[in-house]
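K.L.:
Handing you a structure now.
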Amino acid sequence: MIAQSVNYAHSVDEAFLFILIVSVFFLVLITGLIITFIIKYNRKKNPKPTNIHGNLPLEILWTIIPTVLVLIMFWYGWTGYKEITSPPDDSMEIDVTAQMWVWKFTYKNGITSDSLYIPVNRPVKAHLTSLDVNHSFYIPEFRIKKDVIPGRKNFTWFIADKVGKYQILCAEYCGLNHSYMLNKVIVLTADEFSIWMQEKLNEKNNQDTVSADNINNQSVAK
Amino acid sequence: MSSETTHVSYLEYQGRYKGLRGWIFSTDHKRIGIMYLIAATVFFAAGVVFGFLMRLELLYPGKTIVSAQTYNTFFTLHGVIMIFLFVIPGLPAIFGNFFLPILIGAKDVAFPRLNLLSWWLYVIGGALVLLSILLPGGPADTGWTFYIPYSVRTGTNVIFTVFAAFILGFSSILTGINFVTTIHRLRAPGMGWFKMPLFTWSLYATAWIQVLATPIIGITLLLIVVERVFGVGLFDPALGGDPVLFQHLFWIYSHPAVYIMILPAMGVVSEIIPVFAHRTIFGYKFIAFSSLAIAVFGSLVWAHHMFAAGMSDFGQFVFSLLTFLVAIPSAIKVFNWTATLYKGSISLEPPMAFALAFIFLFSIGGLTGVMQGALSVDIHITDTSFIVAHFHYVMFGGTGFGVFAALHYWLPKMFGRMYNKKAAYSAFWFLFIGFNVLYFPMFIMGWLGMPRRYYDYLPEYTIYHQISTVGSWILITGLIIMFTNLYLSLKRGKKVTARNIWGGETLEWQIETPPTYENFEEIPLITEGPYEYKDNDQDILEEKEVV
């Protein structure tokens, strides 16, 4: 298991674990039976085979049991998926722009960043836009992945519940540097986040003044 | 025709042409089967080389042997060659062609010349793929899925490769039409539907998918041409098209194609297990109908490849549900095969070893497929190496081992020569162990978040990649032993003239080894099912008579 760092990670892992246990049970059952039969009904030990054409109750049984099990699995997956696709209305909204082969994150106040800085325990809704080809926004520790497709408005959301740094990867093949289209999510405490945001804002204001000065100087020179 | 020529083996039969032309212009279903075998083996070898090079590149993080661009063309070529040139045509075109007419008591397929045309289209398509490697621009670097818009933007020879897939599609459609017609019209007198061998049932289900699903990939290609030439926006967002529409159309064909790949292998396993357990198959009708159920449900689950792409909730709900349902007929097959071993008299000859390995590996492939059917889980593992592991367990552990089983089962019949069984067993163990060492680590690193189609990777995944690469070496050793052994057996293997090599009861074991040009001197009259094994009941009957 990998670290669970987001609100719904446990429900994804729970569904996975349930299917895994059922799968291992059936794999062991089938393999065990095959090995037992190979030993017990080996041609040397059992030269005289018995013809059995089938058994209707058995067929019905091993149709119904898997059907019931897969319906339970389906329901697990579906309810988990509903969680992943239903962001609360008060989510903090961030625009994620994908482009060969970089990510860019834009906050509502116009601040941009290469890494994704977010406050802990606060729902974040990420709007995904691509400027060129298909990409996929993937954070394994958050159990989220959503394709970023040009001309489509996809989104994803999450509540990070642990402070820390997590990997962002591109999961849809996008050409030469696909495997280098990486970055980080940096989850900060609420205070740290507002400090970071304030610094970014100051930086931006300074730059604006600087560039405004430049423009003024240029027009003077003319 | 004199009685002398009817007794000549198809290998020596002299038709209108001699030598090589006697093969490449032959309409004999058996010779066409052999020609597919030769061509598919060449393409398989090419696919293995690209796979081997990919694994070698991934031995260490960063650059190991080639650049990122070259690596990207490697996985594209590996995928295109393996899927379109080996796994899809493999069993139906090689063993289906050779044995389908024999298994139903016919002298050839319904349209022998169309059959030859299919082979030619296949070879031309394959040649185009190989040509795309040499032409300026370089081989395609899009992955075998050709997703738009990347496939439109790249400067590589994508259009060549797509066109090759188009031609190969026609080869597949023609084979499908041929098989459906053959099964409907050419069954020997007395061979009702439920007296057909199960390999025939699986070919029948496969042929229908080939006929119904393959045209869609052709139409999709034509739509790309319309878009390029007339500027009608269909898929390319730059022209106002929708890239997701392309994904839908691609998978409407390519998902059923997965069942084109696995169903015939299930058929092979259904043939082999009763022969080497020497008893009737358990649940004949359930196995036969589950093939049809897989064909029907399998055609309705394509969008489960796109759970992360963005679909309506209703779409996600339906496609996830249907994906779970398609697991059931596969499970039914596995249960029936296992039950066929019960109270049998099992002899673990090489074909049986491969067939049992098929059940184990296919079960892992199938069960991990079920994991991906669950929406919330799929969101995490889609597009990671978990998927790569899953489909190699199904396509290689399943279909690949099915092909190996078929080779060991039928090759002695086809050529009248027996391979070295000791070498066959050692090949088996190299293949089985190598396969698991190669692909199992991909499940683990996929769950941990290792995306697929990555030239480079983060240091924490190094150990899994290295185990996997070592596995590829073990696997390839097994392949070399197996193919050398089989090839040598054709040259100097022990001659086999016995008709019934393994004690099977289907029709191929009642004709000469190797088969004569006409297969049957007289078309047989069928009175029994394919796996009766009446000798098992003999003593019991006699005892009763005594009492």
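K.L.:
Every residue in the range B:293-303 that is in a helix (DSSP H, G or I) and either aromatic (F, W, Y) or buried (at least 23 other Cβ atoms within 10 Å of the Cβ) (or both), please.
P.N.:
B:I294, B:A295, B:F297, B:G298, B:W302
K.L.:
Of all residues in the range B:33-70, count the ones that are buried (at least 19 other Cβ atoms within 10 Å of the Cβ) and in contact with a Pro (Cβ under 8 Å, 6 or more places away or on another chain).
P.N.:
2
K.L.:
Hey, another quick one. Select from the range B:340-365 the residues that are facing chain A (nearest Cβ under 7 Å) and polar (S, T, N, Q) and write down the one among them that is nearest to B:F432 (Cα to Cα).
P.N.:
For the range B:340-365, the residue satisfying everything is B:S363.
K.L.:
Only one of B:S290, B:S330 is assigned to a helix (DSSP H, G or I), open to solvent by less than 10 Å² (accessible area, probe 1.4 Å) and among the polar types (S, T, N, Q); which?
P.N.:
Only one candidate passes the filter, namely B:S290.
K.L.:
Collect the residues in the range B:312-328 that are closer than 16 Å to B:L300 by Cβ and facing chain A (nearest Cβ under 9 Å), keeping them in residue-number order.
P.N.:
B:Q316, B:F317, B:S320, B:L321, B:T323, B:F324, B:L325, B:A327, B:I328
K.L.:
Filter the range A:98-119 for residues that are in a strand (DSSP E or B) and touching a residue at least 40 places away in the same chain (Cβ under 8 Å) and give the result.
P.N.:
A:A98, A:V102, A:W103, A:Y107, A:S113, A:L116, A:Y117, A:I118, A:P119
K.L.:
When you go through (1) farther than 23 Å from A:F16 by Cβ; (2) free of Cβ contacts under 8 Å to residues at least 60 places away in the same chain one by one for B:L367, which number turns out not to apply?
P.N.:
Failed condition: (1).
K.L.:
Scan the helices (runs of 4 or more DSSP H) fully inside the range B:345-437 and keep the ones with 1 or more residues being among the small types (G, A, S) and more than 23 Å from B:M482 (Cα to Cα).
P.N.:
The helices (runs of 4 or more DSSP H) meeting that bar are B:350-373, B:375-381, B:385-394.
K.L.:
Turning to a different aspect of this structure: What single numbered condition from (1) touching a helix residue (DSSP H, G or I) at 6+ places or on another chain (Cβ under 8 Å); (2) more than 7 Å from chain B (Cβ to nearest Cβ); (3) open to solvent by 30 Å² or more (accessible area, probe 1.4 Å) fails to hold for A:V6?
P.N.:
The one condition A:V6 does not meet is (3).
K.L.:
Now for a separate question. Yes or no: the range A:106-114 includes at least one residue that is more than 30 Å from B:Y461 (Cα to Cα), within 13 Å of chain B (Cβ to nearest Cβ), over 15 Å from the mean Cα position of the chain (by Cα) and open to solvent by 10 Å² or more (accessible area, probe 1.4 Å).
P.N.:
no
K.L.:
Considering only the range B:379-426, state which residues are charged (D, E, K, R), farther than 21 Å from B:G365 by Cβ and open to solvent by less than 30 Å² (accessible area, probe 1.4 Å).
P.N.:
Correct list: B:K413 only.
K.L.:
What is the number of the single condition among (1) open to solvent by less than 10 Å² (accessible area, probe 1.4 Å); (2) farther than 15 Å from B:G504 by Cα; (3) more than 11 Å from chain A (Cβ to nearest Cβ) that B:N336 does not meet?
P.N.:
Condition not satisfied by B:N336: (3).
K.L.:
Something else now. Looking at the range B:23-128, what helices (runs of 4 or more DSSP H) fall wholly within it and have at least 1 residues that are over 30 Å from A:M181 (Cα atoms) and modelled with pLDDT of 95 or more?
P.N.:
Passing ranges, in order: B:29-57, B:97-103.
K.L.:
Open to solvent by 10 Å² or more (accessible area, probe 1.4 Å) and assigned to a helix (DSSP H, G or I), is that true of B:P189?
P.N.:
When the stated conditions are applied, B:P189 does not pass them.
K.L.:
Let me ask another. Do the conditions hold for B:S363, that is, is it surrounded by 22 or more Cβ atoms within 10 Å (Cβ to Cβ) and within 30 Å of A:S130 (Cα to Cα)?
P.N.:
no
K.L.:
From the list B:A277, B:A309, B:A257, B:A293, pick out the single residue that is in contact (Cβ under 8 Å) with a residue 60 or more places away in the chain, of a type outside the set (V, I, T) and either under 23 Å from B:P89 (Cα atoms) or more than 8 Å from every other protein chain (Cβ to nearest Cβ) (or both).
P.N.:
Going through B:A277, B:A309, B:A257, B:A293 in turn, the sole match is B:A257.
K.L.:
Identify, by number, the condition in (1) open to solvent by 30 Å² or more (accessible area, probe 1.4 Å); (2) of a type outside the set (K, R); (3) within 23 Å of B:H248 (Cα to Cα) that B:G137 doesn't meet.
P.N.:
(3)
Rundown of residues vs (1) within 7 Å of chain B (Cβ to nearest Cβ); (2) under 30 Å from B:T323 (Cα atoms); (3) buried (at least 16 other Cβ atoms within 10 Å of the Cβ); (4) within 19 Å of the chain's Cα centre (by Cα), yes/no style:
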site	(1), (2), (3), (4)
A:V22	no, yes, yes, no
A:L29	no, yes, no, no
A:K44	no, no, no, no
A:I52	yes, no, yes, no
A:L56	no, yes, no, no
A:I60	no, yes, no, no
A:T79	no, yes, no, yes
A:W103	no, no, yes, yes
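K.L.:
Yes or no: B:Y419 in contact with a Pro (Cβ under 9 Å, 6 or more places away or on another chain) and away from chain A (no Cβ under 14 Å)?
P.N.:
Taking the combined requirement at face value, the residue satisfies it.
K.L.:
Looking only at the range B:87-118, count every residue that is surrounded by 22 or more Cβ atoms within 10 Å (Cβ to Cβ) and closer than 19 Å to B:F163 by Cβ and tell me the total.
P.N.:
3
Each row is one residue, and each column tells you yes or no for (1) over 23 Å from the mean Cα position of the chain (by Cα); (2) more than 25 Å from A:N51 (Cβ to Cβ).
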position	(1), (2)
B:L325	no, yes
B:Y342	yes, no
B:S345	yes, no
B:A353	no, no
B:L356	no, no
B:G366	no, yes
B:A374	yes, yes
B:S385	no, yes
B:V388	no, yes
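K.L.:
Which residue, of A:R122, A:R143, is at pLDDT 90 or above, within 30 Å of A:L182 (Cβ to Cβ) and within 7 Å of chain B (Cβ to nearest Cβ)?
P.N.:
Exactly one of A:R122, A:R143 is at pLDDT 90 or above, within 30 Å of A:L182 (Cβ to Cβ) and within 7 Å of chain B (Cβ to nearest Cβ), namely A:R143.
The values are calculated or read from the model by the stated rules, or taken from the named source; none is laboratory data. Values in this document were obtained by computation on a predicted structure and should not be read as measured data. Neighbour counts run over all protein chains shown; Cβ positions are idealised from the backbone, glycine included. In case anyone asks, the SASA skips ligands and DNA or RNA and just uses the protein heavy atoms, side chains included. Shrake-Rupley method; radii C 1.70, N 1.55, O 1.52, S 1.80 Å.
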